[in-house]
Amino acid sequence: MLWATAGVAALGFLIMLEIVARRYGLPGPITNQVRELIFAPKSGPLLYASMALMMVVLTWRQRFIAAGAAIGIDVAFSLVRWAVDARTTDGQPFGNGALWVILGYAVIAVTRRTGRERVLLLKGVGLGLLLVAGRKTGDTWLLITSKTRPAVLDQYVATADHALGDPSWLAGRIVEATGPIGAHVLDYVYVQLAVAAVVVALYQLRNVAVERRFPRHHLVRTFLVIGLLGPAIYMIFPVVGPVFAYGTGAFGTGGGHWPVANLWPDTPPPLTAPHPMPFDEITPRNCMPSLHTAWATVIFVHSRKGPRILQWAGAFWLIATLSATLGFGYHYGADLIAGVVFALTIEAALRAHDRGWDRPGIQLVTYGATVFAALLVSYRYLPMEMAQHPWVAGPLLILAMTSVVHRYVRTSKLWEPKAAPAQQPEPQPELV
(Lines give C-alpha, C1' and ligand atoms only; values in the text may rest on other atoms or scores of the structure.)
Protein backbone atom coordinates (compact mmCIF):
# COMPACT_ATOMS: atom_id res chain seq x y z
CA MET A 1 0.00 0.00 0.00
CA LEU A 2 2.85 2.39 0.81
CA TRP A 3 4.53 1.86 -2.55
CA ALA A 4 1.19 2.11 -4.37
CA THR A 5 0.35 5.36 -2.58
CA ALA A 6 3.79 6.76 -3.35
CA GLY A 7 3.39 5.80 -7.01
CA VAL A 8 -0.01 7.46 -7.32
CA ALA A 9 1.25 10.59 -5.55
CA ALA A 10 4.31 10.76 -7.84
CA LEU A 11 2.13 10.36 -10.94
CA GLY A 12 -0.24 13.09 -9.75
CA PHE A 13 2.69 15.39 -9.05
CA LEU A 14 4.13 14.79 -12.53
CA ILE A 15 0.76 15.51 -14.14
CA MET A 16 0.49 18.76 -12.18
CA LEU A 17 3.96 19.87 -13.32
CA GLU A 18 3.08 18.88 -16.89
CA ILE A 19 0.01 21.13 -16.79
CA VAL A 20 1.96 24.04 -15.32
CA ALA A 21 4.72 23.72 -17.91
CA ARG A 22 2.16 23.60 -20.72
CA ARG A 23 0.69 26.87 -19.52
CA TYR A 24 4.08 28.46 -20.16
CA GLY A 25 4.23 26.92 -23.63
CA LEU A 26 6.91 24.35 -22.81
CA PRO A 27 6.86 20.54 -22.53
CA GLY A 28 6.63 19.12 -19.03
CA PRO A 29 8.44 16.18 -17.40
CA ILE A 30 6.16 13.49 -18.85
CA THR A 31 6.49 14.80 -22.41
CA ASN A 32 10.27 15.15 -22.11
CA GLN A 33 10.58 11.60 -20.80
CA VAL A 34 8.38 10.09 -23.50
CA ARG A 35 10.48 11.87 -26.15
CA GLU A 36 13.56 10.04 -24.91
CA LEU A 37 12.06 6.74 -26.04
CA ILE A 38 12.90 7.85 -29.58
CA PHE A 39 15.01 11.00 -29.56
CA ALA A 40 18.51 11.45 -28.13
CA PRO A 41 18.27 11.58 -24.32
CA LYS A 42 19.57 14.49 -22.32
CA SER A 43 21.66 12.23 -20.06
CA GLY A 44 22.57 8.75 -21.22
CA PRO A 45 24.63 7.93 -18.10
CA LEU A 46 21.63 8.77 -15.90
CA LEU A 47 19.38 6.37 -17.83
CA TYR A 48 21.92 3.57 -17.53
CA ALA A 49 22.35 4.36 -13.85
CA SER A 50 18.58 4.13 -13.44
CA MET A 51 18.60 0.75 -15.20
CA ALA A 52 21.36 -0.39 -12.85
CA LEU A 53 19.12 0.51 -9.90
CA MET A 54 16.30 -1.51 -11.42
CA MET A 55 18.59 -4.51 -11.92
CA VAL A 56 19.26 -4.93 -8.18
CA VAL A 57 16.14 -7.13 -8.08
CA LEU A 58 17.34 -9.35 -10.95
CA THR A 59 19.56 -12.41 -10.96
CA TRP A 60 22.99 -12.15 -12.53
CA ARG A 61 21.78 -13.97 -15.66
CA GLN A 62 18.86 -11.55 -16.01
CA ARG A 63 21.20 -8.61 -15.49
CA PHE A 64 23.45 -9.68 -18.35
CA ILE A 65 20.43 -10.15 -20.61
CA ALA A 66 19.05 -6.71 -19.65
CA ALA A 67 22.39 -4.97 -20.19
CA GLY A 68 22.89 -6.71 -23.52
CA ALA A 69 19.40 -5.76 -24.66
CA ALA A 70 19.95 -2.10 -23.70
CA ILE A 71 23.26 -1.94 -25.57
CA GLY A 72 21.74 -3.68 -28.59
CA ILE A 73 18.84 -1.22 -28.70
CA ASP A 74 21.24 1.72 -28.45
CA VAL A 75 23.33 0.33 -31.31
CA ALA A 76 20.19 -0.03 -33.42
CA PHE A 77 19.13 3.55 -32.62
CA SER A 78 22.61 4.81 -33.52
CA LEU A 79 22.54 3.00 -36.86
CA VAL A 80 19.13 4.45 -37.70
CA ARG A 81 20.25 7.97 -36.75
CA TRP A 82 23.36 7.54 -38.88
CA ALA A 83 21.30 6.27 -41.81
CA VAL A 84 18.87 9.20 -41.72
CA ASP A 85 21.59 11.70 -40.74
CA ALA A 86 19.82 12.66 -37.51
CA ARG A 87 21.90 14.92 -35.31
CA THR A 88 22.22 14.47 -31.53
CA THR A 89 23.50 17.93 -30.67
CA ASP A 90 20.75 18.45 -28.07
CA GLY A 91 21.35 15.12 -26.34
CA GLN A 92 23.59 12.08 -26.10
CA PRO A 93 23.77 9.22 -28.60
CA PHE A 94 22.98 6.51 -26.06
CA GLY A 95 20.52 5.84 -23.25
CA ASN A 96 17.32 4.98 -25.16
CA GLY A 97 18.04 1.29 -24.74
CA ALA A 98 18.22 1.57 -20.96
CA LEU A 99 14.84 3.31 -20.82
CA TRP A 100 13.26 0.69 -23.10
CA VAL A 101 14.60 -2.10 -20.87
CA ILE A 102 13.21 -0.49 -17.72
CA LEU A 103 9.77 -0.17 -19.29
CA GLY A 104 10.06 -3.70 -20.67
CA TYR A 105 10.56 -5.11 -17.19
CA ALA A 106 7.52 -3.15 -16.01
CA VAL A 107 5.48 -5.04 -18.63
CA ILE A 108 7.09 -8.33 -17.58
CA ALA A 109 6.23 -7.65 -13.93
CA VAL A 110 2.56 -7.10 -14.76
CA THR A 111 2.15 -9.91 -17.29
CA ARG A 112 4.63 -12.61 -16.23
CA ARG A 113 5.08 -12.28 -12.45
CA THR A 114 2.75 -12.87 -9.53
CA GLY A 115 2.71 -12.30 -5.79
CA ARG A 116 5.89 -11.14 -4.06
CA GLU A 117 7.99 -11.52 -7.21
CA ARG A 118 5.74 -9.08 -9.07
CA VAL A 119 5.88 -6.58 -6.20
CA LEU A 120 9.66 -6.83 -5.94
CA LEU A 121 10.17 -6.33 -9.68
CA LEU A 122 7.75 -3.39 -9.72
CA LYS A 123 9.68 -1.85 -6.83
CA GLY A 124 12.89 -2.14 -8.83
CA VAL A 125 11.28 -0.60 -11.91
CA GLY A 126 9.76 2.15 -9.78
CA LEU A 127 13.12 2.93 -8.22
CA GLY A 128 14.74 3.32 -11.63
CA LEU A 129 11.90 5.41 -13.04
CA LEU A 130 11.85 7.64 -9.96
CA LEU A 131 15.47 8.61 -10.55
CA VAL A 132 14.71 9.40 -14.18
CA ALA A 133 11.53 11.29 -13.30
CA GLY A 134 13.36 13.20 -10.60
CA ARG A 135 15.67 14.71 -13.20
CA LYS A 136 12.79 15.75 -15.45
CA THR A 137 10.80 17.06 -12.50
CA GLY A 138 13.75 19.17 -11.42
CA ASP A 139 14.03 20.72 -14.88
CA THR A 140 10.36 21.70 -14.80
CA TRP A 141 10.66 23.09 -11.27
CA LEU A 142 13.51 25.32 -12.43
CA LEU A 143 11.33 26.60 -15.25
CA ILE A 144 8.57 27.43 -12.76
CA THR A 145 10.95 29.34 -10.49
CA SER A 146 12.16 31.51 -13.37
CA LYS A 147 8.62 32.29 -14.54
CA THR A 148 6.96 32.91 -11.17
CA ARG A 149 9.71 34.74 -9.27
CA PRO A 150 10.59 37.90 -11.26
CA ALA A 151 12.68 39.38 -8.41
CA VAL A 152 15.71 37.68 -6.85
CA LEU A 153 17.46 38.11 -3.51
CA ASP A 154 21.05 37.76 -4.65
CA GLN A 155 22.13 41.06 -3.15
CA TYR A 156 21.07 39.86 0.29
CA VAL A 157 23.03 36.60 0.06
CA ALA A 158 26.06 38.30 -1.51
CA THR A 159 26.08 40.83 1.34
CA ALA A 160 25.79 38.08 3.96
CA ASP A 161 28.58 36.21 2.17
CA HIS A 162 31.00 39.00 3.13
CA ALA A 163 30.99 37.39 6.58
CA LEU A 164 32.47 34.25 5.00
CA GLY A 165 35.07 36.12 2.94
CA ASP A 166 33.25 35.94 -0.42
CA PRO A 167 34.27 32.29 -1.05
CA SER A 168 32.68 32.10 -4.51
CA TRP A 169 34.89 34.91 -5.80
CA LEU A 170 38.00 33.23 -4.36
CA ALA A 171 37.08 29.78 -5.69
CA GLY A 172 36.26 31.26 -9.10
CA ARG A 173 39.75 32.71 -9.44
CA ILE A 174 41.27 29.39 -8.35
CA VAL A 175 39.29 27.45 -10.98
CA GLU A 176 40.34 29.95 -13.65
CA ALA A 177 43.97 29.47 -12.60
CA THR A 178 43.72 25.66 -13.00
CA GLY A 179 42.88 26.05 -16.67
CA PRO A 180 40.60 23.84 -18.77
CA ILE A 181 41.66 20.55 -17.15
CA GLY A 182 40.52 21.51 -13.67
CA ALA A 183 37.34 23.07 -15.02
CA HIS A 184 36.44 19.95 -17.03
CA VAL A 185 37.03 17.61 -14.06
CA LEU A 186 34.85 19.74 -11.77
CA ASP A 187 32.19 20.08 -14.44
CA TYR A 188 32.00 16.30 -14.88
CA VAL A 189 31.69 15.78 -11.12
CA TYR A 190 29.01 18.45 -10.91
CA VAL A 191 26.92 17.09 -13.79
CA GLN A 192 27.18 13.38 -12.95
CA LEU A 193 26.25 13.68 -9.28
CA ALA A 194 23.25 11.37 -9.71
CA VAL A 195 25.51 8.67 -11.17
CA ALA A 196 27.74 8.87 -8.09
CA ALA A 197 24.64 8.45 -5.92
CA VAL A 198 23.69 5.33 -7.87
CA VAL A 199 27.13 3.81 -7.26
CA VAL A 200 26.68 4.17 -3.49
CA ALA A 201 23.07 2.98 -3.71
CA LEU A 202 24.10 -0.12 -5.67
CA TYR A 203 26.43 -1.07 -2.85
CA GLN A 204 23.64 -0.60 -0.31
CA LEU A 205 21.19 -2.62 -2.43
CA ARG A 206 23.63 -5.36 -3.43
CA ASN A 207 21.76 -8.08 -1.48
CA VAL A 208 18.25 -7.31 -2.69
CA ALA A 209 18.26 -10.06 -5.32
CA VAL A 210 19.25 -12.66 -2.71
CA GLU A 211 17.14 -11.48 0.23
CA ARG A 212 14.19 -10.60 -2.05
CA ARG A 213 13.51 -7.39 -0.15
CA PHE A 214 14.79 -3.82 0.01
CA PRO A 215 16.55 -2.45 3.09
CA ARG A 216 14.50 -0.12 5.26
CA HIS A 217 16.64 2.93 4.45
CA HIS A 218 19.00 3.67 1.59
CA LEU A 219 20.49 6.64 -0.25
CA VAL A 220 17.94 6.86 -3.07
CA ARG A 221 15.16 7.73 -0.62
CA THR A 222 17.03 10.73 0.79
CA PHE A 223 18.23 11.75 -2.67
CA LEU A 224 14.69 11.90 -4.04
CA VAL A 225 13.18 13.66 -1.00
CA ILE A 226 15.85 16.38 -1.22
CA GLY A 227 14.99 16.90 -4.87
CA LEU A 228 11.28 17.04 -4.04
CA LEU A 229 11.45 19.52 -1.15
CA GLY A 230 14.36 21.70 -2.26
CA PRO A 231 12.54 23.56 -5.05
CA ALA A 232 9.90 24.65 -2.54
CA ILE A 233 12.65 26.65 -0.79
CA TYR A 234 13.64 28.09 -4.17
CA MET A 235 10.17 29.57 -4.39
CA ILE A 236 10.49 31.12 -0.93
CA PHE A 237 14.05 32.41 -1.35
CA PRO A 238 14.75 32.97 -5.09
CA VAL A 239 18.45 33.39 -5.87
CA VAL A 240 20.20 32.93 -9.24
CA GLY A 241 23.86 32.78 -8.16
CA PRO A 242 26.91 35.04 -8.42
CA VAL A 243 27.90 34.13 -11.97
CA PHE A 244 24.49 35.30 -13.21
CA ALA A 245 23.82 38.18 -10.81
CA TYR A 246 27.36 39.58 -10.82
CA GLY A 247 29.06 38.15 -13.91
CA THR A 248 28.91 38.42 -17.67
CA GLY A 249 31.76 36.09 -18.55
CA ALA A 250 31.85 32.67 -20.19
CA PHE A 251 29.78 31.08 -17.43
CA GLY A 252 27.50 34.09 -17.00
CA THR A 253 24.45 35.41 -18.76
CA GLY A 254 26.45 36.55 -21.78
CA GLY A 255 25.82 40.23 -21.24
CA GLY A 256 22.58 42.17 -21.10
CA HIS A 257 21.24 44.49 -18.46
CA TRP A 258 20.22 41.90 -15.86
CA PRO A 259 23.51 41.45 -13.90
CA VAL A 260 24.36 44.07 -11.30
CA ALA A 261 27.81 44.51 -12.84
CA ASN A 262 30.63 42.48 -14.33
CA LEU A 263 32.26 41.68 -10.98
CA TRP A 264 32.54 37.90 -10.66
CA PRO A 265 35.11 36.49 -9.99
CA ASP A 266 37.67 39.30 -10.02
CA THR A 267 36.04 41.97 -7.85
CA PRO A 268 33.96 41.22 -4.73
CA PRO A 269 30.65 43.10 -4.68
CA PRO A 270 30.64 46.41 -2.80
CA LEU A 271 29.09 46.58 0.64
CA THR A 272 25.82 48.43 0.07
CA ALA A 273 22.29 48.07 1.40
CA PRO A 274 20.75 45.09 -0.46
CA HIS A 275 17.34 45.07 -2.10
CA PRO A 276 15.37 42.68 -4.36
CA MET A 277 16.27 43.09 -7.99
CA PRO A 278 14.37 42.03 -11.14
CA PHE A 279 15.87 39.31 -13.28
CA ASP A 280 15.10 37.55 -16.55
CA GLU A 281 12.50 34.79 -16.98
CA ILE A 282 15.07 32.24 -18.14
CA THR A 283 17.65 31.79 -15.37
CA PRO A 284 16.51 29.32 -12.68
CA ARG A 285 16.26 30.61 -9.10
CA ASN A 286 17.94 27.48 -7.79
CA CYS A 287 20.60 28.53 -5.29
CA MET A 288 19.11 28.59 -1.80
CA PRO A 289 19.83 26.04 -0.52
CA SER A 290 22.49 24.40 -2.69
CA LEU A 291 20.91 21.04 -3.56
CA HIS A 292 24.14 19.84 -5.17
CA THR A 293 25.77 20.37 -1.79
CA ALA A 294 22.88 18.59 -0.07
CA TRP A 295 23.08 15.61 -2.43
CA ALA A 296 26.87 15.39 -2.15
CA THR A 297 26.53 15.52 1.64
CA VAL A 298 24.18 12.53 1.80
CA ILE A 299 26.38 10.64 -0.68
CA PHE A 300 29.26 11.22 1.73
CA VAL A 301 27.17 10.14 4.74
CA HIS A 302 25.96 6.92 3.12
CA SER A 303 29.39 6.04 1.76
CA ARG A 304 30.77 5.87 5.32
CA LYS A 305 29.35 2.33 5.71
CA GLY A 306 31.02 1.06 2.56
CA PRO A 307 34.51 -0.28 1.84
CA ARG A 308 37.50 2.03 1.96
CA ILE A 309 37.42 2.84 -1.76
CA LEU A 310 33.76 3.89 -1.52
CA GLN A 311 34.53 6.09 1.47
CA TRP A 312 37.32 7.83 -0.44
CA ALA A 313 35.05 8.25 -3.46
CA GLY A 314 32.32 9.80 -1.31
CA ALA A 315 34.79 12.23 0.23
CA PHE A 316 36.20 13.15 -3.18
CA TRP A 317 32.75 13.77 -4.64
CA LEU A 318 31.80 16.00 -1.72
CA ILE A 319 34.96 18.10 -1.96
CA ALA A 320 34.81 18.32 -5.76
CA THR A 321 31.12 19.26 -5.70
CA LEU A 322 31.71 22.03 -3.18
CA SER A 323 34.59 23.28 -5.29
CA ALA A 324 32.48 23.25 -8.45
CA THR A 325 29.46 24.98 -6.93
CA LEU A 326 31.66 27.82 -5.73
CA GLY A 327 34.28 27.81 -8.48
CA PHE A 328 31.78 28.03 -11.33
CA GLY A 329 29.88 30.79 -9.55
CA TYR A 330 26.70 28.76 -9.25
CA HIS A 331 26.40 29.33 -5.49
CA TYR A 332 27.40 31.58 -2.64
CA GLY A 333 29.06 30.23 0.48
CA ALA A 334 25.85 30.84 2.43
CA ASP A 335 24.04 28.45 0.05
CA LEU A 336 26.46 25.65 0.88
CA ILE A 337 26.02 26.04 4.64
CA ALA A 338 22.24 25.93 4.21
CA GLY A 339 22.58 22.90 1.92
CA VAL A 340 24.49 20.85 4.50
CA VAL A 341 21.94 21.63 7.23
CA PHE A 342 19.07 20.90 4.84
CA ALA A 343 20.54 17.51 3.85
CA LEU A 344 21.24 16.29 7.37
CA THR A 345 17.81 17.37 8.58
CA ILE A 346 16.06 15.37 5.84
CA GLU A 347 18.34 12.38 6.38
CA ALA A 348 17.60 12.51 10.11
CA ALA A 349 13.85 12.80 9.47
CA LEU A 350 13.79 9.72 7.23
CA ARG A 351 15.79 7.67 9.70
CA ALA A 352 13.69 8.88 12.62
CA HIS A 353 10.53 7.93 10.72
CA ASP A 354 11.86 4.41 10.22
CA ARG A 355 12.52 4.13 13.96
CA GLY A 356 9.11 5.37 15.00
CA TRP A 357 10.10 8.96 15.90
CA ASP A 358 11.95 8.33 19.14
CA ARG A 359 12.99 11.23 21.35
CA PRO A 360 16.56 11.69 19.93
CA GLY A 361 15.17 11.69 16.39
CA ILE A 362 12.53 14.31 17.14
CA GLN A 363 15.07 16.52 18.86
CA LEU A 364 17.56 16.23 15.98
CA VAL A 365 15.00 17.01 13.27
CA THR A 366 13.58 19.92 15.28
CA TYR A 367 17.04 21.34 15.86
CA GLY A 368 18.07 20.99 12.22
CA ALA A 369 14.86 22.61 10.97
CA THR A 370 15.28 25.46 13.46
CA VAL A 371 18.87 26.13 12.39
CA PHE A 372 17.88 26.02 8.71
CA ALA A 373 15.06 28.50 9.26
CA ALA A 374 17.37 30.75 11.29
CA LEU A 375 19.90 30.76 8.44
CA LEU A 376 17.29 31.85 5.90
CA VAL A 377 15.95 34.56 8.20
CA SER A 378 19.45 35.90 8.92
CA TYR A 379 20.35 35.96 5.22
CA ARG A 380 17.18 37.90 4.44
CA TYR A 381 16.94 40.34 7.35
CA LEU A 382 20.46 40.63 8.84
CA PRO A 383 22.87 40.67 5.86
CA MET A 384 24.28 44.15 6.55
CA GLU A 385 24.90 43.34 10.21
CA MET A 386 26.62 40.12 9.20
CA ALA A 387 28.79 41.86 6.63
CA GLN A 388 29.76 44.65 9.05
CA HIS A 389 30.81 42.15 11.75
CA PRO A 390 32.40 39.30 9.77
CA TRP A 391 34.57 38.04 12.62
CA VAL A 392 31.40 37.39 14.61
CA ALA A 393 28.88 36.40 11.95
CA GLY A 394 31.23 34.16 9.93
CA PRO A 395 32.24 31.89 12.85
CA LEU A 396 28.59 31.80 14.00
CA LEU A 397 27.48 30.52 10.59
CA ILE A 398 30.15 27.83 10.61
CA LEU A 399 29.30 26.97 14.22
CA ALA A 400 25.60 26.63 13.39
CA MET A 401 26.36 24.18 10.58
CA THR A 402 28.91 22.30 12.67
CA SER A 403 26.46 21.95 15.56
CA VAL A 404 23.96 20.20 13.26
CA VAL A 405 26.71 17.91 11.94
CA HIS A 406 27.84 17.09 15.49
CA ARG A 407 24.31 16.42 16.68
CA TYR A 408 23.60 14.20 13.68
CA VAL A 409 26.76 12.16 14.25
CA ARG A 410 26.00 11.79 17.95
CA THR A 411 22.39 10.76 17.38
CA SER A 412 23.17 8.38 14.54
CA LYS A 413 25.61 6.55 16.80
CA LEU A 414 22.77 5.98 19.26
CA TRP A 415 20.76 4.42 16.43
CA GLU A 416 23.47 1.97 15.45
CA PRO A 417 22.73 -1.62 16.52
CA LYS A 418 24.79 -2.65 19.50
CA ALA A 419 27.13 -5.55 18.93
CA ALA A 420 26.27 -8.52 21.10
CA PRO A 421 29.01 -9.36 23.63
CA ALA A 422 31.02 -12.45 22.83
CA GLN A 423 29.92 -15.52 24.74
CA GLN A 424 32.54 -16.67 27.21
CA PRO A 425 32.86 -20.47 27.47
CA GLU A 426 31.87 -21.82 30.87
CA PRO A 427 34.69 -23.47 32.80
CA GLN A 428 34.65 -27.25 32.54
CA PRO A 429 35.71 -29.50 35.41
CA GLU A 430 39.04 -31.17 34.83
CA LEU A 431 39.25 -34.92 34.79
CA VAL A 432 41.20 -36.32 37.71
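The values are calculated or read from the model by the stated rules, or taken from the named source; none is laboratory data. All values reported here derive from a predicted model rather than from experimental measurement. Don't worry about glycine lacking a Cβ; one is built from the backbone with ideal geometry, like all the others, and counts go over all protein chains shown. Areas reflect the complete protein model, heavy atoms only, side chains present, ligands, DNA and RNA absent. Shrake-Rupley method; radii C 1.70, N 1.55, O 1.52, S 1.80 Å.
Calculate the FRET efficiency for Asp266 and Val191 from the Cβ-Cβ distance with a Förster distance of 35 Å, rounded to the nearest 0.05.
With a Förster radius of 35 Å, E is 0.85.
Which residues make up the longest stretch of the chain that has no trypsin sites (Lys or Arg not before Pro) in a DSSP loop with at most 16 other Cβ atoms within 10 Å?
114-205
Let me know the shape class of the chain, please: from the alpha-carbon gyration tensor, a ≥ b ≥ c as square roots of the eigenvalues, rounded when a/c is under 1.5, otherwise prolate if a/b is greater than b/c, or oblate.
It comes out oblate by the Cα gyration axes.
What is the spin-label model distance, in nm, from Arg304 to Met16 if the labels are put 7 Å beyond Cα along the C-beta direction?
Result: 3.4 nm between the two label points.
Put +1 on the Cβ of every Lys and Arg and -1 on every Asp and Glu Cβ in the chain; which of Ala393, Val199, Thr159 then has its Cα farthest towards the positive end of the dipole?
Val199
Would you mind getting me the FRET efficiency between Ala177 and Arg113? Use the beta-carbon distance for r and R0 = 56 Å, nearest 0.05.
E(calc), rounded to 0.05, equals 0.50.
Does the range 1-94 come out rounded, prolate or oblate, given a ≥ b ≥ c as the square roots of the eigenvalues of its C-alpha gyration tensor, rounded meaning a/c under 1.5 and, failing that, prolate meaning a/b above b/c?
Taking the square roots of the gyration eigenvalues as a ≥ b ≥ c, the range 1-94 is oblate.
Whole-Hz Karplus ³J(HN,Hα) for the range 105-118, in order, using 6.51 cos²θ - 1.76 cosθ + 1.60 and θ = phi - 60°, x for Gly and Pro?
Running phi through 6.51 cos²θ - 1.76 cosθ + 1.60 with θ = phi - 60° gives 6, 5, 5, 4, 4, 6, 9, 10, 10, 9, x, 5, 5, 5 Hz.
What is the local net charge at Pro29, summed over the other residues whose Cβ is closer than 10 Å to its Cβ (Lys, Arg +1; Asp, Glu -1)?
On the way: positive: Arg135, Lys136; negative: Glu18, Asp139.
Here the count lands on 0.
In the range 1-103, what percent of the accessible surface is made up of carbon and sulfur (1.4 Å probe, ligands and nucleic acids excluded)?
Values: 4310 of 5930 Å².
Of all accessible area on the range 1-103, carbon and sulfur atoms account for 73 percent.
What accessible area per residue, rounded to a whole number of Å², is obtained for the chain using a probe radius of 1.4 Å?
About 51 Å² of surface per residue is accessible.
Which of Leu103, Leu46, Leu219 moves most in a GNM of the chain, Cα contacts under 10 Å?
Between Leu103, Leu46, Leu219, it is Leu103 that shows the largest mean-square fluctuation.
Most mobile of Ala106, Ala245, Ala343 per a Gaussian network model of the chain (Cα springs, under 10 Å)?
Result: Ala106 has the largest fluctuation of those listed.
Quote to one decimal, in nm, the extra length available between Thr370 and Lys147 on full extension: 0.36 nm per residue of separation minus the C-alpha distance between them.
77.3 nm is the gain from fully extending Thr370 to Lys147.
Taking amide H positions as placed 1.01 Å from N in the peptide plane, with prolines and chain starts having none, which residues 5 or more places from His217, or on another chain, fall under 5 Å of its amide H?
none
Roughly how many nanometres apart are two label points built 7 Å out from the Cα toward the Cβ at Trp357 and Leu414?
Going by the 7 Å Cα→Cβ label model, 1.7 nm.
Using helices alone, I'd like the mean residue ellipticity at 222 nm for the chain: each DSSP H run of four-plus residues gives -39500 (n - 2.57), total over residue count, nearest 500.
Details: 18 runs with 296 residues, N = 432.
Mean residue ellipticity at 222 nm (helix-derived): -23000 deg cm²/dmol.
Per residue of the range 23-28, what does 6.51 cos²θ - 1.76 cosθ + 1.60 with θ = phi - 60° give for ³J(HN,Hα)? Whole Hz please, x for Gly and Pro, Karplus curve as stated.
Karplus-based 3J(HN,Hα) across the range 23-28 equals 5, 9, x, 10, x, x Hz.
Would you grab the residues whose amide H sits under 5 Å from the one on Val152? Only those 5+ places off in sequence or on another chain, please, with H modelled 1.01 Å from N.
The list, which skips near neighbours in sequence, is Met277, Phe279.
Starting from the Cα of Lys413, draw a straight line to each of the lysines and keep only those under 20 Å, dropping any in the same chain fewer than 8 residues away.
Within reach: Lys305.
Under a Cβ-only charge scheme (Lys and Arg +1, Asp and Glu -1), can you give me the dipole magnitude of the chain about the Cα centre, in debye to the nearest 20?
On the way: 35 positive and 24 negative charges, 321 e Å.
So the dipole magnitude of the chain works out to roughly 1540 debye.
Points 7 angstrom from Cα along the Cβ direction at Ala69 and Ala9: gap in nanometres?
That separation, rounded to one decimal, is 3.1 nm.
Mind listing the long-range amide H neighbours of Met288? Cut-off is under 5 Å, sequence gap 5 or more, other chains count too, H placed in the peptide plane at 1.01 Å from N.
For Met288, whose amide H was placed from the backbone, the distant partners under 5 Å are Val239.
Tell me whether the range 160-309 comes out rounded, prolate or oblate; compute the Cα gyration tensor, take square roots of the eigenvalues as a ≥ b ≥ c, and use a/c under 1.5 as the rounded threshold.
Judged from the Cα gyration tensor, the range 160-309 comes out prolate (a/c at least 1.5, a/b above b/c).
Which FRET efficiency, nearest 0.05, do Ile398 and Glu211 yield, Cβ-Cβ r, R0 45 Å? Don't jump to the answer; show the numbers that get you there.
Working: r = 42 Å, r/R0 = 0.93.
E between Ile398 and Glu211, to the nearest 0.05, is 0.60.
Identify all lysines with a Cα-Cα distance to Lys136 below 23 Å; exclude those on the same chain that are fewer than 8 residues away in sequence.
Cα-Cα hits under 23 Å: Lys42, Lys123, Lys147.
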